[in-house]
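Notes for the one structure printed next.
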Amino acid sequence: MIPAHYSPRPRPAELIADILPPAVAAAESTGKAPRTGFGLFPAEEAALRTAGPGRRAEFAAGRLCARAALARLGVPATPILPGWAGQPQWPAGVTGSITHCAGYQACAVALAADVAAIGIDAEPHQELPATLIEAVATRPERAWIRQQAACVPAVCWDRLLFSAKESVAKLWYPLTAQWLSFHDVAVCLADTGTFSARLPSGPGWASGDLPEGRMMGRWLIRDGLILTAITLRCGGLATSSRAGTLAGLLRRQNELRTRRSTARFS
Ligand SMILES: CC(C)(COP(=O)(O)OP(=O)(O)OC[C@H]1O[C@@H](n2cnc3c(N)ncnc32)[C@H](O)[C@@H]1OP(=O)(O)O)[C@@H](O)C(=O)NCCC(=O)NCCS
């Protein structure tokens with residue numbers, strides 16, 4: 001359970017910061033997302049016009065964390081509108097990710113010059129509903145989960161795998177404009193709190209083009225939460241034999257951003 005002294009006011013992250021590299025700034029809040037006093041920009045309010053109170057509260061809590069995290073990067077507050085697939089649209093030169101679950105909200109951001117993409121996810125530390133496991137985990141992953149559950153039963157390995165895949169999906173979508181299916185991504189979780197992800201081939205990139213050395217996944221279980229984070233480092237492009245493909249992905253990401261803002265303001 002979340003300790004009672006935790007507060008819904010966004011503050012520099014303690015939990016999620018533990019699994020993020022130093023170039024990433026993060027903010028988090030805990031406890032129930034407040035239902036009033038959102039402090040949203042009018043354009044953000046407009047994006048929520050059909051949302052119910054619960055959705056408004058979680059959206060606002062995520063945006064407040066985002067502003068606190070951006071401030072840590074020295075980026076002034078600005079509307080962060082959802083893109084066509086729900087992805088947060090960051091100010092130019094910034095990349096990031098938002099997550100919320102019951103009792104916890106967080107945002108992680110970085111300068112795009114340092115980090116190409118980020119995915120974070122928070123889940124309650126509880127087993128996945130049994131009906132979901134086949135959709136989430138491949139047959140080898142299910143066998144691995146059974147083995148892990150026998151060795152370390154205190155960890156909900158099924159939910160942890162789910163969270164890691166959600167983090168990967170949140171990193172991947174803004175780069176490629178493609179949703180991955182759960183069975184497209186092979187995630188390998190290490191007991192030491194790291195994970196790696198193998199992604200499928202697709203238009204403009206090939207499986208293995210994002211080598212593990214450039215993608216860093218980490219996980220943490222604390223205070224009743226599962227937290228996962230994955231970052232794609234953008235350093236070293238010039239010397240990489242795969243530089244062309246990764247540079248192509250990043251170029252495509254910029255084109256998508258430009259297309260979206262042109263569409264919004266035309
Ligand atoms: C969008 C999705 C990833 C959100 O995950 P979740 O665990 O339900 O919820 P979280 O609170 O952790 O994350 C929600 C936040 O993700 C972000 N998000 C939504 N769509 C996104 C996208 N296309 N790309 C990146 N981030 C996205 C948003 O910031 C959202 O919060 P907001 O709407 O308040 O801004 C998930 O609901 C989904 O649709 N998944 C389908 C794709 C998928 O999971 N594929 C398999 C994975 S391998």
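If I filter segment 197-214 for residues that are over 15 Å from the mean Cα position of the chain (by Cα), modelled with pLDDT of 85 or more and over 21 Å from C107 (Cβ atoms), do I get at least one hit? Yes: one or more hits.
The condition (being surrounded by 20 or more Cβ atoms within 10 Å (Cβ to Cβ), within 14 Å of the ligand (Cβ to nearest atom), assigned to a loop (DSSP other than H, G, I, E, B) and at pLDDT below 95) is satisfied by just one residue among A33, A57: A33. So, of the residues in segment 171-191 that are of a type in the set (V, I, T) and outside any strand (DSSP E or B), which turns out to be nearest to the ligand (Cβ to nearest atom)? Of everything passing the filter in segment 171-191, V185 is nearest to the ligand (Cβ to nearest atom). Where strands (runs of 3 or more DSSP E) sit wholly within segment 66-170, those with at least 1 residues that are more than 14 Å from the ligand (Cβ to nearest atom), hydrophobic (A, V, I, L, M, F, W, C) and in contact with a strand residue (DSSP E or B) (Cβ under 8 Å, 6 or more places away or on another chain) occupy 104-111, 115-124.
Give the residue that is surrounded by the fewest Cβ atoms within 10 Å (Cβ to Cβ), with candidates limited to residues of segment 162-196 that are among the polar types (S, T, N, Q) and closer than 18 Å to L132 by Cα. Only one residue fits best here, namely S181.
Counting just the residues of segment 99-111 that are modelled with pLDDT of 95 or more and surrounded by fewer than 24 Cβ atoms within 10 Å (Cβ to Cβ), which one comes out nearest to the chain's Cα centre (by Cα)? Checking each candidate, the answer is H100. Scanning segment 143-161 for residues that are more than 20 Å from D121 (Cβ to Cβ) and either crowded, with 22+ Cβ neighbours inside 10 Å or of a type in the set (D, E, K, R) (or both) yields one hit, R146. Among the residues of segment 64-80, those identified as in contact (Cβ under 8 Å) with a residue 40 or more places away in the chain and buried (at least 17 other Cβ atoms within 10 Å of the Cβ) are L64, C65, A66, R67, A68, A69, L70, L73. Can you find a residue that is within 15 Å of the ligand (Cβ to nearest atom) and more than 22 Å from G193 (Cβ to Cβ) anywhere in segment 13-22? Among the residues of segment 13-22, not one is within 15 Å of the ligand (Cβ to nearest atom) and more than 22 Å from G193 (Cβ to Cβ), which makes the answer no.
The values are calculated or read from the model by the stated rules, or taken from the named source; none is laboratory data. Being a predicted model, the structure only gives us computed values, none of them experimental. Cβ: placed from backbone, ideal geometry, glycine included. Neighbour counts: every protein chain shown.
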